[in-house]
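Visitor: Next up is a structure, given as structure tokens.
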Amino acid sequence: MLKKILRLALTAALALGLAAGAQAAQKVYKLKLAETWPPNFPIFGDATKKLAKLVDEMSNGRLKITIDSKNKHKAPFGIFDMVRSGQYDLGHSASYYWKGKDPNTLYFTTMPFGMTAPEQYAWFYYGGGMELMKKVYDKYGLLSFPGGNTGNQMGGWFRKEIKSLDDLKGLKMRIPGFAGEVLAKVGAKPTNIPAGELYTALERNTIDALEWVGPSLDLRMGFHKIAPYYYTGWHEPATELQFLVNKRKFNKLPKDLQAILVTAMKYVAYDMYARSYHDSAVNWEKIKKEYPNIKIRTFPKDVIAALHKANEELLDERAAKDPLAKEIIESQRAYLRKVRAWTNISDKAYLNSVGDMME
């Protein structure tokens, strides 16, 4: 009789355990994501939608992400604080927007005269970049991951042609990140304005020039109607957006869902790079055929030289004041020297050899 009771008890316990396990396996985890961009913003906003769709499919519905665009949360440059406080679990923005909170955040978007997108991805994942980014964000209870690259950005839209360094003095330009500091050092007046306000600011003469992204996104913004001079880039050779994650919330996820989220973010980031490159190629062809009034220019060599000198001086000043800044700057400089040697003998040599044959 006792054996029978024990067998029944074991059977019941096993059944309860299996039921509890099945219930736990089906538990749905919900995350809220805030993005800097307006609703349905092309390429940038597509990345967050793809992330939500991908984690849902990969987790078989166990991980759900809802997205609030800037029209909902009303704070396009408040993502850092909202994710840090736990108001949102995830954010999609750009690391250099937080330089006022921590100057060391800006190095992880892109740097003037720095690495191209393939070079920068190599630095992030194999050259120590992710570890350095962790050092910066750990103290805020945040995790930061690459969130999608625009590729090499254009140097901006200008009402007037830039013929010398004097033309930059007093120039009011929308330009974020370290490039804004570089321009300020040579006499310009940089400012940062959210995407939805850029056209109006240019139209109303609040600014004289602006940079946004490149052909992939610029044409639909209409900047060429006001500022016809379109300059090639120097300031953002590999603009990487950012997924911010609340560390406490991340640690509460089961290990498999953590892996799914990280893998999905990595895929979405590279997918955005491919999409940006494609759309820029398509729109560059459109510029040549449909917008002959857009005047493509490259900054004069003496202007580029002055900007480069200012950039290096500012970096040296930061490195002298902050040990962590020094570690990041030295890491990027050393890796750039290493990886650029290969870029020059591979991609650059190839383009120099066969580029003219493709025209």
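The values are calculated or read from the model by the stated rules, or taken from the named source; none is laboratory data. What you are looking at is a predicted structure, and each value in this text was computed from that prediction instead of being measured. All Cβ positions, glycine included, derive from the backbone under ideal geometry; neighbour counts span all protein chains shown.
Visitor: Give the residues of region 8-36 that are touching a Gly at 6+ places or on another chain (Cβ under 9 Å) and modelled with pLDDT of 95 or more, sorted by residue number.
Guide: Val28, Leu33, Ala34, Glu35, Thr36 - these are the residues of region 8-36 that are touching a Gly at 6+ places or on another chain (Cβ under 9 Å) and modelled with pLDDT of 95 or more.
Visitor: Another question, then. Kindly indicate the residue of region 37-68 that is at pLDDT below 95 and more than 15 Å from the chain's Cα centre (by Cα) and also nearest to Asp81 (Cα to Cα) among those meeting that condition.
Guide: Pro38
Visitor: Inspect region 195-212 for any residue being over 23 Å from Ile296 (Cα atoms) and small (Gly, Ala, Ser) and give the result as yes or no.
Guide: yes
Visitor: Pick out, from region 193-285, the helices (runs of 4 or more DSSP H) lying fully within it that include 1 or more residues that are in contact (Cβ under 8 Å) with a residue 60 or more places away in the chain, hydrophobic (A, V, I, L, M, F, W, C) and farther than 21 Å from Tyr107 by Cβ.
Guide: Correct list: 215-221, 247-252.
Visitor: For the condition small (Gly, Ala, Ser), at pLDDT 95 or above and in a helix (DSSP H, G or I), what is the one hit in Ala75, Ala122?
Guide: Exactly one of Ala75, Ala122 is small (Gly, Ala, Ser), at pLDDT 95 or above and in a helix (DSSP H, G or I), namely Ala122.
Visitor: A follow-up question, please. Would you mind telling me which numbered condition in (1) within 15 Å of Tyr96 (Cβ to Cβ); (2) in contact (Cβ under 8 Å) with a residue 24 or more places away in the chain; (3) more than 21 Å from the chain's Cα centre (by Cα) Ala184 fails?
Guide: (2)
Visitor: Further question: Quick check on my filter: what residues within region 94-110 are touching a strand residue (DSSP E or B) at 6+ places or on another chain (Cβ under 6 Å) and outside any helix (DSSP H, G or I)?
Guide: Hits for region 94-110 are Ala94, Thr109.
Visitor: Here is a follow-up. How many residues are in a strand (DSSP E or B) and either of a type in the set (Phe, Trp, Tyr) or in contact (Cβ under 8 Å) with a residue 40 or more places away in the chain (or both) if we restrict to region 44-72?
Guide: Qualifying residue count for the region: 1.
Visitor: Next up: List pairs: first residue in region 148-172 and surrounded by 17 or more Cβ atoms within 10 Å (Cβ to Cβ), second residue polar (S, T, N, Q) and not in a strand (DSSP E or B) anywhere in the structure, Cβ distance under 6 angstrom, at least six positions apart or on different chains.
Guide: Thr150/Thr239; Thr150/Ser276; Gly151/Ser276; Gln153/Thr239; Gly155/Thr232
Visitor: Right, here's the next one. Going by the conditions given, is Phe113 among the aromatic types (Phe, Trp, Tyr) and assigned to a loop (DSSP other than H, G, I, E, B)?
Guide: Yes: the conditions hold for Phe113.
Visitor: Search region 209-235 for residues being buried (at least 19 other Cβ atoms within 10 Å of the Cβ) and more than 19 Å from the chain's Cα centre (by Cα), and hand back the single one that is modelled with the lowest pLDDT.
Guide: Leu219
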